[in-house]
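The values are calculated or read from the model by the stated rules, or taken from the named source; none is laboratory data. Owing to the predicted nature of the structure, the values given are computational and were not obtained by experimental measurement. So basically every Cβ, Gly included, is an ideal-geometry build from the backbone, and we count neighbours across all protein chains shown.
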Amino acid sequence: MQIEQVVVGAFEVNCWLAGGCNNQVIVIDPGDDPDLIIGALQEKNWSVAAYFMTHAHMDHINALYAVHKQHPAPVAIHGSDLKWAFTRQNTLPPFFLQPPQAPAAEFIDLAETTSGTHAGLDWQIIHTPGHTPGGVCFFFPQENVLFSGDTLFAGSVGRTDLPGGHTQTLTASLKKLLELPDITRVYPGHGPSTNLANEKRRNPFLA
């Protein structure tokens, strides 16, 4: 797996590009600045196998429309978040208006899917509500790689004071991540990457 980081938008979201076989890639959380994401794809000569959404907050999905328009592919998102992802509920003026929905997108409901393969990469879903009701982490067991979205950060966790957030629910979700191997590399939705062993030792929310 080849992993490229593209930091996008006013909230510095990590859009991760997970490259697999045959020049295919999974685009994780295309939050903003579609030109940057498209440019990174063109630089590597990658074709998009799928779009993975860790959750539906506007800063993580706002560029989906523009990138998907040039690189159509299935969109994986949990149904609990898809309900409001492209509505007026999901705005934060002046930074983000209502995210446009990708036209004719094939949606994969992660509430009904536990695993799959894209770009030759096997992945598993870990449902981690608490930041949003449909928040998920994407675990790639063969590579011991976790894309944690806004569930787990280096030294911290996602906030729970936004609509749909719930502290006790997030705490229960974090316990699921503790079951993963310590060598698991963690690529979060904001900030630097880390690994699970470091977070078990240093992250107060995992104590």
Subset of region 96-154 that is among the polar types (S, T, N, Q) and part of a strand (DSSP E or B) - its residue that is farthest from Asn198 (Cα to Cα): Thr117
Helices (runs of 4 or more DSSP H) contained entirely in region 30-92, each with at least 1 residues that are closer than 20 Å to Gly134 by Cβ: 58-61, 64-70, 79-85
Residue within region 189-196 that is in contact (Cβ under 8 Å) with a residue 40 or more places away in the chain and assigned to a helix (DSSP H, G or I) present: yes
Single residue of Ala40, Ala63 found to be at pLDDT 95 or above, in contact with a Pro (Cβ under 8 Å, 6 or more places away or on another chain) and under 26 Å from Phe153 (Cα atoms): Ala63
Residue among Thr128, Thr114, Thr132 that alone is in contact (Cβ under 8 Å) with a residue 40 or more places away in the chain and closer than 25 Å to Met1 by Cα: Thr128
Single residue of region 49-60 satisfying the filter (touching a helix residue (DSSP H, G or I) at 6+ places or on another chain (Cβ under 7 Å) and either free of Cβ contacts under 8 Å to residues at least 24 places away in the same chain or not small (Gly, Ala, Ser) (or both)) that is farthest from Ala18 (Cα to Cα): His55
